[in-house]
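J.: The structure's right below; bear with me while I get my questions together.
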Amino acid sequence: MAAADSSSAALRRRDLCSRGIRLAGKMRSDVVDLLDTYVEQQGLDASASVAVVEGVPVAAVERWDEQTGTQRLLENLAAYRAFRALLAQMLEEQREQLGEADAALGRALAAVLLQVSAFTYH
Amino acid sequence: MFSGWNWVAHCLYLLLNICSLEVSGGLVQSCGHIIPESPVLALGSNFTALCILNESCLDFGNIYANQIIWKIKNKVVPKEQYREINRTVSSVTFNDTSSLATPLTCNILADGQIEQNIYGITVTVGLPPEKPKNLSCIVRQVSKLTYPMTCTWNPGRHTFLDTHFRLKYRWPQENFPDCIPKDVNNSCTIADVQFFVNLEVWVEAANALGKAESDPLVIDPIEIVKPLSPHNLSVNSGILPTVLKLSWENRISIAVMKLKFNIRYRIVGDTNWMQVPPEDTASPRTSFSVQGLRPYTEYVFSIRCMKEDGVGYWSDWSEEKTGVTTEDKPSKGPAIWRIIDASRSPASWTVHLMWKALEPFEASGVILQYEVTVRAKSSLSSPPEKYNVSTTNLTLKLPNGTYEVTVIAHNRVGASPPSVLLIPASNTKAPVKNVRTLPKDGKLWVGWTAPNSYVLKYVIEWCLVSNSSDCTIEWQNEPGNIQGTYLKGDIKPFKCYLITVYPLYADGQGSGQSVKAYLQQDRPSKGPTVQTKKVGKAEAVLTWNHLTVDEQNGFIRSYTIFYKTIDGNETAVTVDPSKTEYTLSSLTSDTLYTVRMMAYTDEGGRSGPDFTFTTQKFGKGEIEAIVVPVCLAFLLIVLLGVLFCFNKRDLIKKHIWPIVPDPSKSNIAQWSPQVPAKHNFSSKDQMYPEGSFTDVSVVEIEADDKKSFSEQDLKPFDLLKKEKSTSEGHSSGIGGSSCMSSPRQSVSDSDEGETTQNTSSTVQYSTVVLNGYRDQTPVQVFSRSESTQPLLDSEERSEDHAGGSDSTTQRQQYFKQNGGQDETNTDRPCFERTKQITPANEGDLVGFAQLQISGQSSQLLGLGLEKNTQEAALLDVLQQTSTEGQTVRPETVEGNPLSVDEMPKSYLPQTVRQGGYMPQ
C-alpha cells in the first residue's frame, strides 16, 4: 500500500515536473513573441539586452554546471517569483497607458503573469 | 332596528377612520397584517401564515381573530385550516404548498355579513436548485495565443424561481472571478486559460430556496484543447504520377502542444473520402506526400490536427485544396467487341468493331488515338492490317474467316497494353445456359449458368426493343469467373430489353443466349382492340391484335375478355396471351353484346375500347332448313299443276281457245291461181280477233310478180306505206320469229307466243313489222325468219322457180345479204339492213306491198289499241279492202302511190276482226 502511494506520489511529482517544464517552455515561447511587440510598443532599442536588468534576479543559467538540479530550480523559482512581482507591478503601472489598441498586449502580458504564477505554484 | 343602526355606525366609523388616516399621514393604515410577508415556499412543503389584527380595529369595530377568513385567489380556505391563536391573531396552515396560489388574503366578516379585506400577501412557490451535473469543458483555440475555455453542464430541473448559475474555477493558490452565463443557464466561457496548471472548475446554482454546487472538475486545460486547423494548405505535383505533396502551416505553437494529423482526399466529383493512414501522420509536421494516387486525376485534400497524444479534440477540417497528378501511360487496353453483318454477301462480312473509351483512371491521360490491328488467322502469311483511328469504332469488310483484332490506346506518355478479340468463323463453342434477369436496387441484374469449359470473359449485349426505333446495341465485358452482373447503362423502366450473353473462349466464341427483360413493369398503356370475326346465333369469334412492345410496358401475362348484354352481368374469360382469337359460346341469339378486352402484365391490366355486336337470330343452316322445304313444296305444287294441266290440256284447250284451222292446210293456192303463187298471207290472221296477232305473214312480191299486179292493185299498198312512212316496219324472211330473238324465246314470250307456237306451223312466211310506239324507235326488228318449217321452204322453192330465175336470184341475194348481215352485224336493226338493199331493188320493188303484222302483243297494242292517226288511216284502207277480205300493208314506194281502186284484187292474208275468220 505504501509502495503504491509512493509510486503514485512519484508519478504526480513527475507529472508536475513535466508540466512545469512545458509551462516554462510555453512561457519562453510567449515571451519571445511578446518581446518584440513590447519593445516596439515601448519604443525601446531593439538591440538593448533585456537579459540582465538591474535589480532583477537572473535565472541560474550562468552557473548551470556548477549547481545541482535542486539549486538550479530554486534559483529559477526565485527569479520567476521576482519576475512575477515586477511584471504585476509593471502591468499595474502601465494599465492606464495601454489603450484599447494595446489590449492584446495587455492580455498577453497578463497571460505571462498568470503563467509565472502557475510556474511559481508548480 | 337597533342592529341596523349599529351597522351604519360601524361603517361610518370605518370611513371616518380611514379618511382621518389619509389626511393625517397620507398612508392607509390597515387593520392588520400577515406574517410572513411575501414568502418563497418550496413546492410540497407545509406553510403557516398568521394574520395579526391591530388593536385599534378591535376598539372601533369589534373585530376579532375569530372573524378572520383566509382566501386564496378569492377562494375561501376551509376553516379546518384556521387556528385562532388569540383574539387578534389567526393562523392558517397548508400541508402542501402546491395547493397555494397568490394572493393569500386575510379577510374579516364584520357583523357576520360584510366581508372586509384586511391584508394580502404574494406567495411564491418553487424548488431549490438541483446540483448541476455533467460538467464538461473544452478549450477552443481562436488565435495563436488565445484559448478561451467553454464549460457546459446540466442545470437540472426547472425551479420556477429565479436561479443563478456561476462557473467557478481556481488554481490551488489563486482564485479567479466567477464566469456568469449570459442568457443561458448551462454554459459559460472563460476568456483565457493557462495551460500546464490544474484548474479546478465547478458550477454553483442558487435561488431563493437554496444553493447547489456541482462536483468539481480538475483539469489541465491543455488536455481539452480543440486547436485551430492547419491553414495555408497547398498541393503540389510530385515527380511520380501517383504522388501529390501537401504543405501547410500549424497555428498552435509547438511549445504549447505537439500535433498529429489526419489527411483525407477524394477524386473531384466523387463524394467518398479516402484517408492517409493515421500512423503515417502521427507526428508533428508541416508537409506530407500522398502516394498511391491515380495518374492524371484531380484530387481534393483536407487536413486536421489534434494533440499528439490524442488527449483533447480534433480540430475542424481545413479548407479544401485540389491538385492534379501527372499523366501516365494507359493502364489497360480498351474493351473491344464486334457486330458482324453477314447479310450483304455470303462470302464476306461487314465487321463493326467497337471499343469502349478508357475510364479516366485507366486512360491515365488524354487518349490521342487507337491503333487497331486485324490479323487473319487462317492465312498467317498475310501481314496484319493496321488502322489508326481517333474514334471508338471501325467498320471493316472482311472475307469470312477467323480474325484476331488488337486495339491499343495511346496517350502522350505511352501506349496501353493490347486488347485482343478473337473473331471466329463461327460460334461453335458451348453457349451459356439459363440466362435470367432480376431487377435489383434500380438496376437490372443478368445471371447465367457458365458452360463447363473455361471462359475467358463474357460479353453481355443488350438493346432497347421498340417499334419506333432500331435496336441500338450496347455491351459490356465481364470477367470469365463470374456468373452474373448488373447492366452498366441507362436502363429505363417500362421498356423491354433484349439481353444476350456470349462466352468468349481462348480459341473461340459461344453463340449468344438471349432473354427479354424489364427493369420495372407497369400496366399496359392501352388495352387490345377487340372485334368480331364472325358472329353466329350463340357464338361469336373475337379477334384482336397483340399490343406493340411500346404499349405493353411489361410482359403480357394474360388477356381477359369481358362481355355482357345490356342488362346482364359481365362475364370474364381469361385467354392465353399468345392467342389472337377466341370464340365466345353460349351466347343468347339476337342479343346485343358489349365486349372489351384487358391485357395484364405483372403490375395490372388495362382495358381496351368496348365493342358491340348482335348475335344472329337464326343459326347456321336454320334458314336453309326452312327455305329449302318451302321451295321444294312450291316446286312440287307447280310440278303437280303442270302435270295436271298437261293431262287436262285438251280440256283446257277446249275451254281457253277454240280450235284454229291450220292455214297450211288451206287450199287457197288452189282456188286462187291468179294470185301469185307465192304469198305469205296467213289466213290465220283473219281468224284471230284484232289485237291478238301472234304471228305474221309476209307477202313477197317478186319483180316478176309485180307485173302480175296492176298498179291499181298496188296503190293501196303504196298509200299505206306512204301514210306509214313514219312507222318503221320491215319484214323478216320467215314469219314467226325475230332476228333478235330465238325461236324459243318467241315461243315462250306469252300466251300469245304460245299461240304463235301453235300457229307457227301454219305460217309459211312472215314479215314482222316493228312499230315504235308512236314516234319511238322500235326496239326489235326482224329481217329474217328463223322458222325451219319444211313445208314453207318447199312452197317457197316451188314459187321461186315459178317466178323465174331472175327473181329467184334476187331473192336469194336478198336473203343472202340479210343472212350475212345477220351473222355479221346482228346488232344492226334489221330494218336498216332491209333498206340497204332497197335501192338495188327499188325499181323492182315498185308496187311491192308488204303486209306487216306484228306478232308481239306490244306491237299489237301499237297497231290495234293505240289507234294513232297512221293506224287509223291504215284501218281506213283496210276497211276499204276488207270487202275483198284482205288486209294489206303496202310498202312505201315513193312516186308510185297506188290508189285503193287500183289495187289488184287478190286474196291476201287478212287482218282479222275480233271474233271472226273473215270469209275470203
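J.: Whose amide H sits under 5 Å from the amide H of residue B:349, counting only residues 5 or more places off or on another chain, with H placed in the peptide plane?
T.: Here B:398, B:400 satisfy the definition.
J.: From the residues B:614, B:549, B:563, which one has its Cα farthest along the dipole of segment B:530-615 in the positive direction, the dipole being from +1 and -1 charges on Cβ of Lys/Arg and Asp/Glu about the Cα centre?
T.: Final value for the positive-end residue is B:614.
J.: Give me the net charge of residue B:231's neighbourhood, meaning all other residues with Cβ under 10 Å from the Cβ of residue B:231; Lys, Arg count +1, Asp, Glu -1.
T.: With Lys, Arg at +1 and Asp, Glu at -1, the neighbours total -1.
J.: For a protection proxy built on the mean count of beta-carbon atoms within 10 angstrom, sort B:644-656, B:498-510 highest first, please.
T.: Those peptides, ordered most packed to least, come out B:498-510, B:644-656.
J.: Within 10 Å of each Cβ of A:16-28, how many other protein chain Cβ atoms are there on average?
T.: Mean shielding by partner chains, rounded to a whole number: 4.
J.: Could you state the principal axis extents of the C-alpha atoms in segment B:227-324, from the largest down, to the nearest angstrom?
T.: On the principal axes, segment B:227-324 reaches 40, 27, 23 Å in Cα extent.
J.: Another one. Across peptide B:143-151, how many C-beta atoms of other chains are within 10 Å of each residue C-beta, on average?
T.: Mean partner-chain Cβ count within 10 Å for B:143-151: 2.
J.: Going toward the positive end of the dipole of segment B:336-518, with +1 on Lys and Arg Cβ and -1 on Asp and Glu Cβ, which of B:428, B:475, B:347 do you reach last?
T.: Value: B:428.
J.: Taking the mean number of other Cβ atoms within 10 Å as a proxy for protection, how do you rank B:93-102, B:246-255 from highest to lowest?
T.: The peptides rank, most packed first, as B:246-255, B:93-102.
J.: Please compute, for peptide B:172-179, the average count of beta-carbon atoms on other protein chains lying within 10 Å of each residue's beta-carbon.
T.: The shielding value for this peptide is 1.
J.: Could I ask something else about it? By how many nm would the segment from residue B:43 to residue B:635 lengthen if fully extended, with 0.36 nm per residue of separation less the alpha-carbon distance?
T.: Full-extension gain reported as 200.7 nm.
J.: Okay, next question. What does the C-alpha gyration tensor say about the overall shape of segment B:530-615? Classify as rounded when a/c is under 1.5, otherwise prolate if a/b is larger than b/c, or oblate.
T.: Taking the square roots of the gyration eigenvalues as a ≥ b ≥ c, segment B:530-615 is prolate.
J.: Starting from a Cα-only point model with no solvent, please compute log10 I(q)/I(0) by Debye for segment B:336-518 at q = 0.09, 0.10 1/Å.
T.: -0.36, -0.44
J.: What is the sum of charges around residue B:281, taking Lys and Arg as +1, Asp and Glu as -1, for the other residues whose C-beta is under 12 Å from the C-beta of residue B:281?
T.: +1
J.: Let me ask something additional. Net charge within 12 Å of residue B:454 by Cβ-Cβ distance, Lys/Arg positive one each and Asp/Glu negative one each, not counting residue B:454 itself?
T.: +1
J.: Right, next: Which shape class, rounded, prolate or oblate, goes with segment B:573-636 when its Cα gyration tensor gives a ≥ b ≥ c as root eigenvalues, a/c under 1.5 marks rounded, and past that a/b bigger than b/c marks prolate?
T.: In terms of gyration-tensor shape, prolate.
Any read-out appearing in this document is the output of simple, stated calculations on the displayed coordinates, not a laboratory observation. Bear in mind that the values here come from a model prediction, so they are computed numbers and not experimental data. Neighbour counts are summed over all protein chains in view; Cβ atoms, including those assigned to glycine, are modelled from backbone coordinates with ideal geometry.
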